[in-house]
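We did not get these values from a lab; they are worked out from the coordinates using the rules stated. The shown structure was predicted, so the numbers you read here are calculated from the model rather than taken from an experiment. Cβ placement follows ideal geometry from the backbone for every residue including glycine, while neighbour counts extend to all protein chains displayed.
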Amino acid sequence: MRITIVGDGGWGTALGVLLARNGHNTTLWGAFPEYLKIMIRAGENKKFLPGVQLPAQMKIEPDLARALDESELVVFAVPAQFLRIILKKVKAYCSPGCLYLSVVKGLEFDSAKRMSELIREILGTHLKLAVLSGPNIASEVVCGIPSACVVAAKNINIARKIQKTFMTESFRVYTAQDLIGVELGGALKNVIAIACGISDGLGFGTNTKAALLTRGLVEMTKLGAKLGADFRTFTGLSGLGDLVTTSFNPRSRNYSLGEQLGRGKKLAKILTGTEMVIEGVMTAKAALKLARKNRVEMPITNEVCAVLFKNKSPFVAVKCLMQRSGKREM
């Protein structure tokens, strides 16, 4: 297939490498032409995926029109808060019959929309569209470490086509039709991962982290079910699987941010110290907006937002969670 990756971050680059190795005609585009030129010269994405040699058969194209020319599959791999801007640029070059795939794990801050909702809003409601998510650290996938993910589309044939396109000996792809659940799992787990990082930063133990993971999964499932997702999706790769990976891997941006907050570092200082977008920050606020609109109780998400945006002490936030009135578990 002729495939265009829109986004030159770590995950977009890793998928581009995987697809090129899999024999596909793959082109990578990013929003900053000067950085793409650096990538071309270095043969490496030193900023977001250091140490990985880019295959010669993967083309890096700074011109969006040329990157999208005759593309059969367009993969969106940009931060959630920038997707709307990118989609408006892409719209001028959309080709009829093209497949579209979102691998973005987040919610738009202002609208609280999922990425597939945003894509349909701007590019059209009748697109051939799917989403891919799962417990995948980019550097591990590109190094051939056995990994798995799930691709979801309302039309199962679309999901199967993308499954076949991405599947390798070390990257196993499952199919699903619960697009809402797969997207929400990938977005909401970032918020719970921040909470787990805060717990570790405060020096709490396994008991605390296990409680946050378990009750966080309940929050994710309740909101998902309210929004039309299948509750079973949240025990799968895009839910529990991704939640565990993001909450335990020290290289996880969301977990690392939480850990630094737990150790007393201020949010503004953490964000200015990295060029990478930490999706969970804006997603937390969007998730809380969705929860309140749909009358779903999400106490962990609420406390994460209080720490992030109201300067609440992480220790006090944990205390507030522990002192809530008694509840049934489910």
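Overview of results
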{"quantity": "Backbone N within region 171-215 under 14 Å of label point (7 Å from Lys293 Cα along the Cβ vector)", "calculated": "none"}
{"quantity": "Rounded to the nearest 20 debye, dipole of the chain from Cβ charges on Lys, Arg, Asp, Glu", "calculated": "860 debye"}
{"quantity": "Across Lys161/Lys189; Lys113/Lys222; Lys269/Lys289; Lys113/Lys226, pairs whose alpha-carbon gap is larger than 19 Å", "calculated": "Lys161/Lys189; Lys269/Lys289"}
{"quantity": "Ranked packing of 2-10, 57-65, most packed first, by mean Cβ within 10 Å", "calculated": "2-10, 57-65"}
{"quantity": "Rounded if a/c under 1.5, otherwise prolate or oblate - the chain, Cα gyration tensor axes", "calculated": "prolate"}
{"quantity": "Modelled FRET efficiency - R0 51 Å, Tyr93 with Ala211, Cβ distances, 0.05 increments", "calculated": "0.60"}
{"quantity": "Long pairs among Lys46/Lys319; Lys47/Lys319; Lys88/Lys293; Lys47/Lys164; Lys88/Lys312, criterion Cα-Cα beyond 32 Å", "calculated": "Lys46/Lys319; Lys47/Lys319; Lys88/Lys312"}
{"quantity": "Among Ser313, Ser71, Ser247, residue whose mean-square fluctuation peaks in a GNM of the chain (springs only between Cα atoms under 10 Å)", "calculated": "Ser313"}
{"quantity": "Stretchable slack from Arg172 to Arg263, in nm (0.36 nm times residue separation minus alpha-carbon distance)", "calculated": "29.0 nm"}
{"quantity": "Likely footprinting exposure, Tyr174, Tyr255, fewest C-beta neighbours within 10 Å first", "calculated": "Tyr174, Tyr255"}
{"quantity": "Helix-only mean residue ellipticity at 222 nm for the chain, each DSSP H run of n ≥ 4 adding -39500 (n - 2.57), per residue, nearest 500", "calculated": "-15000 deg cm²/dmol"}
{"quantity": "Summed residue charge, Cβ within 9 Å of Ala291's Cβ, Lys/Arg positive, Asp/Glu negative", "calculated": "+4"}
{"quantity": "Residue among Gly280, Gly144, Gly16 with the largest mean-square fluctuation in a Gaussian network model of the chain, springs linking Cα atoms under 10 Å", "calculated": "Gly144"}
{"quantity": "Residue list for region 2-30, given a label point 7 angstrom along the Cα-to-Cβ vector of Lys37 and an amide N cut-off under 16 Å", "calculated": "30"}
{"quantity": "P(r) of region 214-304 over all Cα-Cα pairs, binned every 5 Å from zero, in whole percent", "calculated": "3, 12, 21, 24, 20, 12, 7, 2"}
{"quantity": "Most mobile listed residue (Glu44, Glu140, Glu279) in the chain, GNM with C-alpha springs under 10 Å", "calculated": "Glu140"}
{"quantity": "Cα-only radius of gyration and Dmax that characterise region 1-113, units Å", "calculated": "13.4, 40"}
{"quantity": "Per-residue ³J(HN,Hα) for region 22-29, Karplus 6.51 cos²θ - 1.76 cosθ + 1.60, θ = phi - 60°, Hz, x for Gly and Pro", "calculated": "7, x, 8, 7, 10, 10, 10, 10"}
{"quantity": "Segment Lys154-Ala56, length gained on full extension (0.36 nm per residue, minus Cα span)", "calculated": "31.8 nm"}
